[in-house]
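A quick write-up on the structure given underneath.
The values are calculated or read from the model by the stated rules, or taken from the named source; none is laboratory data. What you are looking at is a predicted structure, and each value in this text was computed from that prediction instead of being measured. Positions of Cβ are backbone-derived with ideal geometry, glycine not excepted, and every protein chain shown enters the neighbour counts. What goes into the accessible areas is simple: the full protein's heavy atoms, side chains included, and nothing from ligands, DNA or RNA. Shrake-Rupley method; radii C 1.70, N 1.55, O 1.52, S 1.80 Å.
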Amino acid sequence: MTVPFMRGYTELLVRTCHRRGAHAIGGMAAFIPSRRDRAVNEVALAKVKEDKVREAGDGFDGTWVAHPDLVPVAAEVFDGLLGPRPHQIDRLRDDVRVTARELLNIRVPGGETTEDGLRGNVSVALQYLESWLGGTGAAAINNLMEDAATAEISRSQVWQWIRHGTPLAGGGRVTRDLARRVCEDEVDRLRAGRRGAPDMLDRSRALFEEVALGARFVDFLTIPGYAALD
């Protein structure tokens, strides 16, 4: 949420809401704490607190989180800033001047496209679609809460990288063949060790390849998925 276009969007959101007397609600903290892994838990709590400190400081009136264990962290931050006040709608953020140029600045300082990034996008999309086809609309994947919107980001990025032949930091470019090989690798990796439960990975893979590797950009990844539901 701190890259240029997201930073501009969040500040403009507060200004727009408060000018109209509406509450500005911060985004979901997607990090999920672990009750079994202390190190994962500490990282998640620290990242959520950092996120909520930024939101409260920007003028948001409240927020939401992906897991009930994160409620105390968010509440502590907002209660500490608001005190007895129920909101901060009076902060009109007249200092915010966001232009179309800033909202369209999607460059990430220091960011680069890597094969690991491609693999991560493919893996998240496959796992989410498997969950979605099974009837679960939000899934915890790699200690992050993934939903249709985040899976849509993953598959859209893959489609765009293929379309533009995006160069990879380690050499080469993103191609349809490369993405398909990565998809095969991830399906094999995810399938390894699974026992008992019916495997939806083949259906997930077919849907992913349709929406991420096809020649036409599908409006939203779940639209063709409805035909695949039981």
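Some observations on this one:
- Positions within segment 44-76 being basic (Lys, Arg) and open to solvent by 20 Å² or more (accessible area, probe 1.4 Å), in sequence order: Lys47, Lys49, Arg54
- Looking across segment 144-182, the residues that are open to solvent by 70 Å² or more (accessible area, probe 1.4 Å) and not β-branched (Val, Ile, Thr) come down to Gln157, Gln160, Arg163, His164, Pro167, Gly170, Arg173, Arg176, Asp177, Arg180, Arg181.
- Residue that is within 30 Å of Gly165 (Cα to Cα), open to solvent by 70 Å² or more (accessible area, probe 1.4 Å) and outside any loop (DSSP other than H, G, I, E, B), where the choices are Arg101, Arg119, Arg107: Arg101
- Residue list for segment 48-90, restricted to those being within 14 Å of Thr10 (Cα to Cα) and part of a loop (DSSP other than H, G, I, E, B): Gly59, Phe60, Asp61
- Residue match in segment 35-47 (condition: touching a helix residue (DSSP H, G or I) at 6+ places or on another chain (Cβ under 9 Å) and more than 18 Å from Ala140 (Cβ to Cβ)): no
- Filter result (part of a loop (DSSP other than H, G, I, E, B) and free of Cβ contacts under 8 Å to residues at least 60 places away in the same chain) within segment 1-21: Met1, Thr2, Arg20
- Residues in segment 116-164 that are among the aromatic types (Phe, Trp, Tyr), in contact with a strand residue (DSSP E or B) (Cβ under 9 Å, 6 or more places away or on another chain) and farther than 12 Å from Gly225 by Cβ: 1 in all.
- Test: residue in segment 183-194 that is within 17 Å of Phe220 (Cβ to Cβ) and either open to solvent by 50 Å² or more (accessible area, probe 1.4 Å) or touching a helix residue (DSSP H, G or I) at 6+ places or on another chain (Cβ under 6 Å) (or both): no
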